[in-house]
Amino acid sequence: MTVTATTTVDRTAPSATVGAWRAFNLQLALYRHVWHGTAFTSMLLPILYMVSVGIGVGSYIDPASLGGLEYAAFIAPGLICSVAVMMLGNDMVFPVFGGYQDWGGAYLAQRATPLRPLDILNGHLAYAVLFRPLTNCTIVVIVLAFFGVYSSAWAALAIVAAVLTSAALAPWLHFWASSIKNDANLNMIFRFAVMPISLFSGVFFPADQMPGFLQPLVWISPLWHGTELARAATADVAPALPPLAHIAYLVLLAVAGWFAARRVIQRRLNF
Amino acid sequence: MPHDNEMLVRASDLRKSYGEHEAVRGVDFEILRGEAFGFLGANGAGKSTTMRMIGCVSQPTEGTLEVFGRDPRTEGAAIRARLGVVPQDNTLDGMLTVFENLVVYAGYFGIRKREARAKAAELLDFVQLTARAKDQVNELSGGMQRRLAIARSLINDPDLVILDEPTTGLDPQARHLVWERLFQLKHRGVSILLTTHYMDEAEQLCDRLVVMDEGRVIAAGSPRELIDTHVTKEVVELRFGTAHTAELAELALTLKGVGAQIEPLPDKILVYTDDADDTAAALEAREIRPTSTLARRASLEDVFLRLTGRALVEDEA
Ligand SMILES: Nc1ncnc2c1ncn2[C@@H]1O[C@H](COP(=O)(O)OP(=O)(O)OP(=O)(O)O)[C@@H](O)[C@H]1O
Ligand SMILES: [Mg+2]
């Protein structure tokens, strides 16, 4: 308490990038407490899927029905992107809702500092959209390589597809979790967003096998677009739409979601 | 004890509405560097709302507010960089350790890791939590969490520390420890702004204070000034067995003249007087014999009571 002169404190408003970086560091500190658990899950999950579904179910499936792909090779890219969606279910629902609560709300603590609501949003999104896929989905990609499911030299690009999937979905989950006042409604996000997206996105079977009235769900699902891109990377098959169209859709969803999330967090953190 | 007359906060006709409800209804005050300034008021008086406006997380609905000579509307982030805030709810991160809470928070102010660690260690020492540095915050008692929140508010060497009810909910021992630390801060020349509904806290810590009630400032001054202005030097508390509200009100009528002012409460009658002995003698002369008589110096509690007709802390259950 005595050496006050030695601390260099920035007395100015940080730039948007610096602000987001400072906010992001909270997520990093929290991650340090759980990283071994999540890394283990990211290793175990693809192994379990490969052994049970990939090889088990796959032995009943004729590769001809999958455009010549082995079943394990068919589901691998979807798994990579699905892991990104599952992580969002952890990172963008409860931690966001809790951020505003007076019992330990991280957003409220950050708000009392030079960070602005937008920094707080961007910092949290950077963690969910960039950091998490770049670490955990990378583990998944590596583990899957041991099952010989890639037939393209560009397989690692599936990570980019996972990042894009995250980017398209994360701000909307943030928006939703920020709009909810009662934690009983939090499960709705899982029931009506995370779950259906995981099921109706052509991860485990070709999306065109879905009944026609469910097709629109497939088309709007960011996971479907992400999976199409990832499959193009790992198996070198042509995606349903031109790659740029898939990318454009995901980017558009991301940008629109970011504006929506920004609106809510600014409202909620100005009392 | 202001060093100079540099003004840290200036508010005039400050107002805040939530929908139809006006939480702060035009308050004026000035806080000088080096000063310990208090907001005293009952639940819902508008203390936290005012603190949030000064802390630049809430926009005033009307009126002017300047913090460090700047406008919170446009320069909030730069102002917050120079503030230390202990919110009414601690907002500590329960999943992180005590030490991490400080280091992460330091990062929000752009303090580098090395410095942050050194500063965190120093502050933990200051609030006597060094032994708990590696524990998760969830495992700390309420009083320890409060001390940690105070340590956290000092991480950026703030020009002004805002403490919203620093000791509410703490046991007497924990309160005294917090008071003692705040006292030290004050002696180091740190400017302090605190809210409280404990008049003893305000009396002990504040150089100047305002009394808030229903969104308005109803009195302002040093604790001594407030007592001198609004109440007599001494107070005699009279209890009459089990006599209650209505009976006491009636009894109060028979007391006219034994003191400067008679205030019947639900469970006792207060007689404001400049000399308790005179009052005792006057009671004796009238052959009024309460079951218990307690003479004491007048306090801020009495000021609040005189001004609002209500007790400040309503029977704490
Ligand atoms: N975010 C908000 N939305 C709506 N009303 C609010 C909000 N915050 C405070 N109020 C209302 O404003 C009034 C003043 O509240 P405030 O929290 O400032 O009081 P306080 O003096 O801090 O009380 P306490 O001692 O209980 O902390 C109360 O009537 C409260 O209900
Ligand atoms: Mg309050």
- Item | Top-ranked residue of the stretch B:52-73 - restricted to ones that are at the interface with chain A (Cβ under 7 Å from one of its Cβ atoms) and not in a helix (DSSP H, G or I), ranked as nearest to B:ARG10 (Cα to Cα) | B:GLY55
- Could you look through the stretch B:109-165, keep only residues that are part of a helix (DSSP H, G or I) and hydroxyl-bearing (Ser, Thr, Tyr), and pick out the one that is farthest from B:LEU32 (Cα to Cα)? B:THR130
- Message: With the requirement that a residue be touching a His at 6+ places or on another chain (Cβ under 6 Å) and not aliphatic (A, V, I, L, M), what does the stretch A:189-236 give you?
- Response: A:HIS225, A:GLU228
- Note on the structure: In the set B:GLU165, B:GLU122, the lone residue that is at the interface with another protein chain (Cβ under 10 Å from one of its Cβ atoms) and of a type outside the set (A, V, I, L, M, F, W, C) is B:GLU122
- Within the stretch B:256-298, work out how many residues are farther than 23 Å from B:ILE227 by Cα and among the hydrophobic types (A, V, I, L, M, F, W, C). 5
- Message: For the stretch B:40-62, give me each residue that is surrounded by fewer than 23 Cβ atoms within 10 Å (Cβ to Cβ), within 12 Å of ligand 2 (Cβ to nearest atom) and of a type in the set (A, V, I, L, M).
- Response: B:ALA42
- Message: Condition first: over 14 Å from A:MET92 (Cα atoms) and not hydrophobic (A, V, I, L, M, F, W, C). Now tell me which residues in the stretch A:145-182 satisfy that.
- Response: A:GLY148, A:TYR150, A:SER151, A:SER152, A:LYS181, A:ASN182
- Is it true that some residue in the stretch A:135-147 is open to solvent by 30 Å² or more (accessible area, probe 1.4 Å) and farther than 23 Å from A:ILE47 by Cβ? no
- Query: In the stretch B:74-100, what count of residues is obtained for those that are under 20 Å from B:ARG15 (Cα atoms) and among the acidic types (Asp, Glu)?
  - Reply: 1
- Task: List the number of the failed condition for B:LEU65; all other conditions in (1) more than 13 Å from ligand 1 (Cβ to nearest atom); (2) more than 23 Å from B:ARG216 (Cβ to Cβ) hold.
- Result: (2)
- Cβ pairs under 8 Å, 6+ apart, first in the stretch B:46-57 and at positive phi, second more than 8 Å from ligand 1 (Cβ to nearest atom) and part of a loop (DSSP other than H, G, I, E, B): B:GLY46/B:GLU214
- Message: Just to check your reading of the model, which residue among B:LEU170, B:LEU185, B:LEU193, B:LEU209 is within 16 Å of ligand 2 (Cβ to nearest atom) and within 14 Å of chain A (Cβ to nearest Cβ)?
- Response: B:LEU193
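Results for (1) within 15 Å of ligand 1 (Cβ to nearest atom); (2) closer than 17 Å to B:THR195 by Cβ; (3) more than 13 Å from every other protein chain (Cβ to nearest Cβ), shown as yes or no for each residue.
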position	(1), (2), (3)
B:GLU6	no, no, yes
B:ARG15	yes, no, yes
B:GLU20	yes, no, yes
B:ALA23	yes, yes, no
B:LEU32	no, no, yes
B:LEU40	yes, yes, yes
B:THR49	yes, yes, no
B:GLU75	no, no, no
- Task: May I ask you to verify whether B:THR91 is more than 8 Å from chain A (Cβ to nearest Cβ), among the β-branched types (Val, Ile, Thr) and touching a residue at least 12 places away in the same chain (Cβ under 8 Å)?
- Result: no
- Meets criteria (at pLDDT below 95, surrounded by 23 or more Cβ atoms within 10 Å (Cβ to Cβ) and small (Gly, Ala, Ser)) for B:ALA219: no
- Query: Filter the stretch A:230-264 for residues that are in a helix (DSSP H, G or I) and in contact with a Leu (Cβ under 7 Å, 6 or more places away or on another chain); which is surrounded by the most Cβ atoms within 10 Å (Cβ to Cβ)?
  - Reply: A:ALA261
- Query: Filter the stretch B:147-162 for residues that are open to solvent by less than 10 Å² (accessible area, probe 1.4 Å) and more than 10 Å from chain A (Cβ to nearest Cβ); which is farthest from ligand 1 (Cβ to nearest atom)?
  - Reply: B:LEU148
- Item | Meets criteria (open to solvent by less than 30 Å² (accessible area, probe 1.4 Å), in contact with a helix residue (DSSP H, G or I) (Cβ under 8 Å, 6 or more places away or on another chain) and within 22 Å of B:PHE183 (Cβ to Cβ)) for B:GLY84 | yes
- Note on the structure: Of the conditions (1) buried (at least 20 other Cβ atoms within 10 Å of the Cβ); (2) at the interface with another protein chain (Cβ under 10 Å from one of its Cβ atoms); (3) away from ligand 1 (no atom under 16 Å from the Cβ), the single one that B:LYS113 does not satisfy is (1)
- Note on the structure: Of the residues in the stretch B:25-39, those that are touching a helix residue (DSSP H, G or I) at 6+ places or on another chain (Cβ under 7 Å) and away from ligand 2 (no atom under 12 Å from the Cβ) come to B:VAL27, B:ALA36, B:GLY38
- Message: List the helices (runs of 4 or more DSSP H) inside the stretch A:54-123, counting only whole elements, that have at least 3 residues being crowded, with 24+ Cβ neighbours inside 10 Å.
- Response: A:71-91, A:106-111
- Message: Residue under question is B:LEU294, and the condition is that it be at pLDDT 90 or above and either part of a strand (DSSP E or B) or open to solvent by 50 Å² or more (accessible area, probe 1.4 Å) (or both); does it hold?
- Response: yes
- Message: Residue under question is B:LEU270, and the condition is that it be at pLDDT below 90 and open to solvent by less than 30 Å² (accessible area, probe 1.4 Å); does it hold?
- Response: no
- Output the number of the condition that B:SER17 fails; it satisfies all remaining conditions of (1) within 21 Å of A:GLY19 (Cα to Cα); (2) in contact (Cβ under 8 Å) with a residue 24 or more places away in the chain. (1)
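The values are calculated or read from the model by the stated rules, or taken from the named source; none is laboratory data. Bear in mind that the values here come from a model prediction, so they are computed numbers and not experimental data. As a convention, Cβ positions derive from the backbone with ideal geometry for all residues, glycine included, and neighbour counts pool all protein chains shown. For the accessible areas, the whole protein counts, side chains as well, though only heavy atoms, and no ligand, DNA or RNA atoms are used. Shrake-Rupley method; radii C 1.70, N 1.55, O 1.52, S 1.80 Å.
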